[in-house]
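Presented below is the structure to which this report refers.
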Amino acid sequence: MLQVKYSLLAPLILMMFSSGFCAYLEEQPPNPKGIQVVSVDPTRDPDHVETKILYPKGNELKKSSPVKGQIRVDGIALGVDTEQPRKKEIWNDPEGQSLHIFIDNQPYFVVNEAFIEALDDVDDYFDQTADFEIPFKLQPGIHVIRVFPVRSYNESVKSQKAFAVSVFYYQEKKDNPQIDLTKPYLTFNEPQGEYDYDPKNQQPILLDFYITNCELSKDGYKIRLTIDNENQRILTSWQPYYIYGLKKGQHRIRLELLDPQNNYVSGLFNDVTRTIVLK
């Protein structure tokens with residue numbers, strides 16, 4: 001995934017003048033390396049976006065590989081550019097809006113082509129069905145599939161029905177006690193992959209995630225963000241963030257879900273680290 005950077009402005013200037021910025025920085029300790037984490041307003045989501053996992057069916061036992069599936073998404077067009085100012089602030093995928101599909105705790109894979117079954121008079125209403133193949137080998141037992149649509153700049157759509165989750169089995173019906181989809185859990189969306197690096201023209205990196213069965217607040221659940229094992233932030237609002245100041249090379253981005261008492265919330269998806277590369 002190649003990503004292109006634009007000029008890096010001071011975070012304070014960006015907060016004052018760039019479209020979509022909130023009026024504050026997340027509370028964070030002094031950072032000698034100059035890394036800044038800036039909260040930005042979510043892109044406005046249409047309320048009629050709905051995602052459904054058609055296949056594998058819930059609790060279905062799949063015996064052959066590769067495992068194939070099908071997703072239906074209503075209310076957002078796949079494969080088209082998102083016409084929002086944010087596409088000029090961060091990397092924008094030339095392949096357009098897509099579905100991010102997560103199997104267990106693996107990084108997402110992308111589907112951006114679908115068959116359009118219906119087109120309403122409303123310009124932004126689409127009824128699309130997307131087929132996919134899981135691109136890696138599965139271990140026998142239970143597996144979780146999570147999916148949501150994203151804008152062309154990879155920000156997740158966060159309306160009520162945009163997120164879909166289901167479980168299926170591969171080769172044998174063996175459960176995992178760590179999987180309980182009724183409890184609070186986290187889905188790590190961005191960043192992921194490789195980014196082109198230009199020290200003179202550097203865009204921020206998008207940080208984006210999905211929260212299920214809980215709400216974030218200063219007195220409630222929180223996200224602990226750790227960058228490169230030492231730069232730590234506590235995020236108390238569910239919205240996108242921009243990360244500034246990362247240097248060329250490899251970086252580790254870790255997200256942990258915390259409860260209102262700041263204790264780690266146990267669960268298969270609640271402590272996730274992704275390694276990204278700025279080339």
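The values are calculated or read from the model by the stated rules, or taken from the named source; none is laboratory data. Every value quoted in this text rests on a predicted model; they were computed, and no experiment measured them. Because the Cβ atoms are built from the backbone with ideal geometry, glycine has one as well, and the counts that use them run over all protein chains shown. Remember, those area values only see protein heavy atoms, side chains included, never the ligands or the DNA or RNA. Shrake-Rupley method; radii C 1.70, N 1.55, O 1.52, S 1.80 Å.
Computed values, structure above
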| item | result |
| --- | --- |
| Top-ranked residue in the stretch 203-216 [being open to solvent by less than 20 Å² (accessible area, probe 1.4 Å) and part of a loop (DSSP other than H, G, I, E, B); ranked as nearest to Gly141 (Cα to Cα)] | Pro204 |
| Residues that are among the polar types (S, T, N, Q) and open to solvent by less than 30 Å² (accessible area, probe 1.4 Å), drawn from the stretch 76-107 | Thr82, Gln97, Ser98 |
| Residue tally, condition open to solvent by less than 10 Å² (accessible area, probe 1.4 Å), at pLDDT 95 or above and either farther than 14 Å from Asn229 by Cα or outside any strand (DSSP E or B) (or both), over the stretch 244-268 | 2 |
| Any hit, the stretch 217-232, residues being aromatic (Phe, Trp, Tyr) and either outside any loop (DSSP other than H, G, I, E, B) or out of contact with any Leu (no Cβ under 8 Å at 6 or more places or on another chain) (or both) | yes |
| Subset tally (residues that are open to solvent by 20 Å² or more (accessible area, probe 1.4 Å), closer than 18 Å to Gln70 by Cβ and not in a loop (DSSP other than H, G, I, E, B)) for the stretch 133-151 | 1 |
| Residue that is nearest to Ser266 (Cα to Cα) [pool: residues in the stretch 184-196 that are open to solvent by 20 Å² or more (accessible area, probe 1.4 Å) and within 19 Å of the chain's Cα centre (by Cα)] | Pro184 |
| Selection count, the stretch 41-90, where residues are among the hydroxyl-bearing types (Ser, Thr, Tyr) and not in a strand (DSSP E or B) | 4 |
| Filter pass, Asp208 being acidic (Asp, Glu) and more than 18 Å from Pro240 (Cβ to Cβ) | no |
| Unique match (being open to solvent by 30 Å² or more (accessible area, probe 1.4 Å), touching a residue at least 40 places away in the same chain (Cβ under 8 Å) and under 16 Å from the mean Cα position of the chain (by Cα)) among Gln160, Gln171, Gln178 | Gln160 |
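Conditions tested, residue by residue: (1) closer than 21 Å to Val40 by Cα; (2) more than 18 Å from the chain's Cα centre (by Cα).
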position: Asp219; (1), (2): yes, yes
position: Lys222; (1), (2): yes, no
position: Gln232; (1), (2): yes, yes
position: Leu235; (1), (2): yes, no
position: Arg254; (1), (2): yes, no
position: Pro260; (1), (2): no, yes
position: Asn263; (1), (2): no, yes
